[in-house]
Structure formats: C-alpha cells, structure tokens
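Reviewing the structure listed below.
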Amino acid sequence: DAGVIQSPRHEVTEMGQEVTLRCKPISGHNSLFWYRQTMMRGLELLIYFNNNVPIDDSGMPEDRFSAKMPNASFSTLKIQPSEPRDSAVYFCASSLGLTPFYEQYFGPGTRLTVT
Amino acid sequence: QQQVKQSPQSLIVQKGGISIINCAYENTAFDYFPWYQQFPGKGPALLIAIRPDVSEKKEGRFTISFNKSAKQFSLHIMDSQPGDSATYFCAASKDTPPSMGQNFVFGPGTRLSVLP
C-alpha cells in the first residue's frame, strides 16, 4: 500500500486566498484525522471522521476552516480566507478505528505558507 | 490538566549511548501512552506504546518506562544510532474515541541528534 497520500506537499498562497488540502487515506481504513503542526502549538487534532462522517470538529480553530469526506478514499481541508497565522504543516492520518488502540498512519504532510 | 509535558526539548547523544526522554501528565484518566517518531519532512509514526497495567515495555532498542504513581513515563533508546536522529513525541490518551483536546494530547517534542 502507498500509505496516506497528501497533496500538495507544499503550498504558498497570499492572505485572503482559498486553500484546499487533499488526503487519500489507506484503503480499508474507516477513520480519518486532520492535524496541524506548528512550533508554537505542537501537534493539534483538528477534526476526525468515521465512515466518512465528521464526528467532532471542535478542534477546528475558526469558521474559516472546513473539512469534508465525500467518500472513503478522499478528504479535503479547506481554509477560506487564509491568514498568515494559518501557516503550518497539516497532516492527515487514517486508521482502522477511532480509538487510540488503532494505530494512526500519518501522511507526509502539506506545508502551508500564507504570506 | 490536559497537557503533556516533555523534556528535554533537544538532546545530543553519541553513537552507542543511551537517549532518555521524559514525559509527565496530569489527567489520571489517561490510559494509553504512545511514542511517535518523526523524521524531517515526514509525518509522525508510532514507535512504541504502553498501557498503565505494566511498568515497562521493550521493543528492540526502545523501552518505555511507566510510573503510574508519579504520572510519568519515559522513552529509553539503547545503543543510539545516527539513524535514530529525529523528533520524538510522547502522547497520552484515553482508550476511547478522541475528543478534541480532551483525551488525545501530544507532548511538544524532543529533537534527538545522535552523533556518529
């Protein structure tokens, strides 16, 4: 298996622009997680899905952030409008189940820079 | 109460030495303690994990020591190798579906450099 796939790997955009990050989970995994990593705040869980349904999005920092999972093999994280403080590495992870007992497999991340 | 404290922030070890990273938590409801390893440009990957019913877990050169009464746990890397150079994150969680900021918390990370 190719593992979790994320695109793009790097994104540079100007403040106010819409940004869409994409994730393809490992086939057969039913849970998907979006994380954000910064030097200041470390690794933060933003939202997670189970069987394509958003379970808890209370980690999403603002209404400017939204995430969707239209099918079992694709998810997006959208920021509209983007701001410089959104600059971070965004990771997608997938697992066979929701509880921490099931290992989460992380993708390589998308490094977002908002100027 | 939801924080996981981790130290040191960075660590330099000679090849063959022992690397020790410490973590402490407050929430006594946590019952699963994984360690993640992250190489530059990569996502974190699960390295080893422990539950509080045991005081130690060993996998190869990696050992977790767990002190439930002190609410502390540590990662020991024996015979450290240059290939172990990475950032290590401890985490603490409840073995239930994660709720944001409630029961799956990462430490700030330790950057380990193993000198050849």
Problem - Dipole moment magnitude, nearest 20 debye, chain A about Cα centre, only Lys, Arg, Asp, Glu C-beta charged - result: 200
Exercise for the section: May I ask for the net charge around residue B:18, where only other residues with Cβ less than 10 Å from the Cβ of residue B:18 are counted and Lys, Arg are +1 while Asp, Glu are -1? Expected result: 0
Problem - Highest-first arrangement of B:17-23, B:88-94, where packing means the average Cβ count within 10 Å - result: B:88-94, B:17-23
Exercise for the section: Just report the Cα centroid separation between region B:1-62 and region A:83-115, whole Å. Expected result: 19
Completion exercise
Mean per-residue count of partner chain Cβ within 10 Å for A:99-109 equals 6
Practice task
Compare the Cα positions of A:84, B:41, A:70 along the charge dipole of the protein assembly as shown (+1 at Cβ of Lys, Arg; -1 at Cβ of Asp, Glu; about the Cα centre) and return the one farthest towards the positive end.
Solution key: B:41
Completion exercise
With +1 at each Lys and Arg Cβ and -1 at each Asp and Glu Cβ, the charge dipole magnitude of region B:1-72 around its Cα centre, to the nearest 20 debye, comes out at 200
Handout entry: For region B:17-110, size of Cβ-based charge dipole, Lys and Arg +1, Asp and Glu -1, in debye
Key = 40
Problem - Estimated FRET transfer efficiency (residue B:61, residue A:87; beta-carbon r; R0 41 Å; 0.05) - result: 0.70
Handout entry: Relative contact order %, chain A, counting alpha carbon pairs below 8 Å whose residues are six or more apart
Key = 36
Problem - Spatially proximal aspartates and glutamates relative to residue B:58 (Cα-Cα < 15 Å; intrachain offsets below 8 disregarded) - result: B:79
Exercise for the section: Kindly flag which residue pairs out of A:24/B:57; A:24/A:78; A:24/A:68; A:24/B:42; B:5/B:57 have an alpha-carbon separation exceeding 23 Å in this structure. Expected result: A:24/B:57
Completion exercise
With the charge dipole of the protein assembly as shown built from beta-carbon charges (+1 for Lys and Arg, -1 for Asp and Glu) about the Cα centre, the Cα from B:27, B:69, A:48 projecting farthest to the positive end belongs to B:69
Completion exercise
Counting other chain Cβ atoms within 10 Å of each Cβ in A:36-44 and taking the mean gives 4
Exercise for the section: Report the full-extension gain for the segment residue A:78 to residue A:17: residue separation times 0.36 nm, less the Cα-Cα distance, to one decimal in nm. Expected result: 20.9 nm
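Every read-out reported here was derived from the displayed coordinates using simple, explicitly stated rules and does not represent laboratory data. The model shown is predicted, which means the values in this text are computed figures rather than measured ones. All Cβ positions, glycine included, derive from the backbone under ideal geometry; neighbour counts span all protein chains shown.
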